[in-house]
Amino acid sequence: MIAFIKLLRRTINSFLTSLVFFAILAVAVLMWGISTHMSVRNIGKLNAMKRSSGNDDANSYIETPSTTEMETSLPVRKEVDNSFTHSQFVPDKSEQQDINAPEEKTQNKGLNLRSRQEYFIPPPDDVPVRRFPQAVIIGFGKCGTRAMLTFLSLHPYIVIHHEEVHFYTDDKLYAKGYKWYLNQMPFSYSNQVTMEKSPDYVCSNRARQEIAEHFPDCKLIVLVRNPVVRIVSAFLQRFRFKETTQRPPMNVMYMNTKTNEFNPNASAVDVGIFHKHLSPWLRTFSRDNILVVSDEDLTTDPLSVLKRAEKFLNIPPMLNEDNFYYNETSGFYCCRRYSTDEQPRCMNINKGWKHPELPADDEKMLYDFYRPHNKKLFKLLNETYNWEKT
Ligand SMILES: Nc1ncnc2c1ncn2[C@@H]1O[C@H](COP(=O)(O)OS(=O)(=O)O)[C@@H](OP(=O)(O)O)[C@H]1O
């Protein structure tokens, strides 16, 4: 009997010990699960915050390489998931971002510019959500697209995606579908304009057709530039980090190096035939929805260009001369958002390199080549730019 009681006690003891062990294990697993879930959520939130706050350090901009590569043929259309509406993407309360909050911290004393906080009024009870771009800078590469986007982002009614998306022009990204595209966009209120820039869209049939089909009211901004100078800029984009002596001759951009003949089909040359790429867009979209701006105007008088853009985008006129600061050293305008006390932010080091000179014969050949094309563009736009050699 005593032996039986001892056995029973031992069994109960070991049962209780196992019970305690499993209970501890279960609590540990539960806590691990909760902490993992929290950190994933926090990373997600942090990323969304970064995007929506607009990490505006101009030096942190990342340019996707070869933005000037063009795509003229229509790629095979892939099935994309369009079966959703914006409302399905309204985040729950805990995920909603105060899109103005991070900006607030950057304000400094001596405010003499209009700040987002002071002048941006979200509609009552409005919830910031991700929205598809209502305005897109579609091109042309090396024509001031980054400066245009950066300057536009000073406006409290504009929310931008900083990096180039290339959704329509990169097959892999396009295959991810519209849901992916939407998730790249920053949070915005319903009275703000969401914008992205991908300078190769202008040469892409798919970009044009998809935007026309899904976002027919999308506002399109196009930057153009003296196409000869644009070639030199594209050359520098490719070879700027090579020692001057290590760089190939500039004619790699426009000559067939095997036959030593001019190559009008070279990508760098073709992109500059602006009327050819713009005509289909002008046929597809209302002229009122396309704003064409020259890099020369943006470089010399950004405020006038931005005033035109405010009108075009139907947003309140808010930018003023204090937002721009001319940097004597670089010869370019930099910008400030809140205060003239603020350190002006300039474009990153990829822009504004001193252009090397084209060989005189090549330069003449290129100007002669582009002259009739430029004329066609001017006729198309009913606007003339001074793109003769100065
Ligand atoms: N404010 C300001 N600061 C610096 N650069 C300015 C500015 N405004 C216009 N630009 C012009 O922008 C040219 C580069 O064009 P993109 O931004 O379209 O290039 S890219 O396609 O995104 O790589 C760049 O060309 P490069 O000077 O050849 O680099 C400039 O002419």
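Express in whole angstrom the spacing between the alpha-carbon centres of the stretch 327-345 and the stretch 198-274. Between the Cα centre of the stretch 327-345 and that of the stretch 198-274, the gap is 29 Å. The mean of 1/r over all pairs of different alpha-carbon atoms in the stretch 342-390, once inverted, gives a Kirkwood hydrodynamic radius of 13.8 Å. Relative to the current alpha-carbon distance between Glu363 and Arg240, full extension at 0.36 nm per residue lengthens the span by 42.3 nm.
Across the alpha-carbon atoms of the stretch 134-207, the computed radius of gyration and Dmax are 12.3, 33 angstrom.
Multiplying each eigenvalue of the alpha-carbon gyration tensor of the stretch 206-321 by 5 and taking the square root yields semi-axes of 33, 21, 11 Å, largest first, rounded to whole angstroms. Here Asp171 and Thr284 are evaluated by their C-beta separation; at R0 = 25 Å the FRET efficiency comes out at 0.70. A Förster radius of 45 Å, combined with the Cβ-Cβ distance separating Leu25 from Lys179, puts the computed FRET efficiency at roughly 0.70. With the largest listed first and rounded to whole Å, the semi-axes of the equivalent ellipsoid of the stretch 261-306 from the Cα gyration tensor are 25, 19, 5.
Fully extending the segment from Asp322 to Glu213, taken as 0.36 nm per residue of separation minus the present Cα-Cα distance, adds 35.3 nm. The protection proxy used here, the mean number of other Cβ atoms lying within 10 Å of each residue, ranks peptides 216-225, 296-305 as follows, highest first: 216-225, 296-305. Taking 0.36 nm per residue of separation and subtracting the current Cα-Cα distance, fully stretching the chain between Asn348 and Asn382 would add 8.9 nm. For the stretch 192-331, the carbon plus sulfur part of the accessible surface works out to 47%, probe radius 1.4 Å. In terms of its C-alpha gyration tensor, the stretch 270-373 comes out oblate, because a/c is 1.5 or above while a/b does not outweigh b/c. For the stretch 238-317, the solvent-accessible area of protein heavy atoms averages 52 Å² per residue (probe radius 1.4 Å; ligands and nucleic acids excluded). Extending 7 Å from Cα along the Cβ direction at Lys6 and again at Arg371 yields two label points whose distance is 11.5 nm.
Comparing Met318, Leu306, Val292 along the charge dipole axis of the stretch 232-390, the residue lying farthest to the positive side is Val292, per the Cβ-charge model. Among the listed pairs Lys179/Lys242; Lys179/Lys307; Lys172/Lys276, those with a Cα-Cα distance over 31 Å are Lys179/Lys242; Lys179/Lys307.
The values are calculated or read from the model by the stated rules, or taken from the named source; none is laboratory data. The structure presented is a predicted model; accordingly, all values stated were derived computationally and were not measured. Cβ: placed from backbone, ideal geometry, glycine included. Neighbour counts: every protein chain shown. Each accessible area value is taken on the protein alone, full model and side chains, heavy atoms only, with ligands, DNA and RNA left out. Shrake-Rupley method; radii C 1.70, N 1.55, O 1.52, S 1.80 Å.
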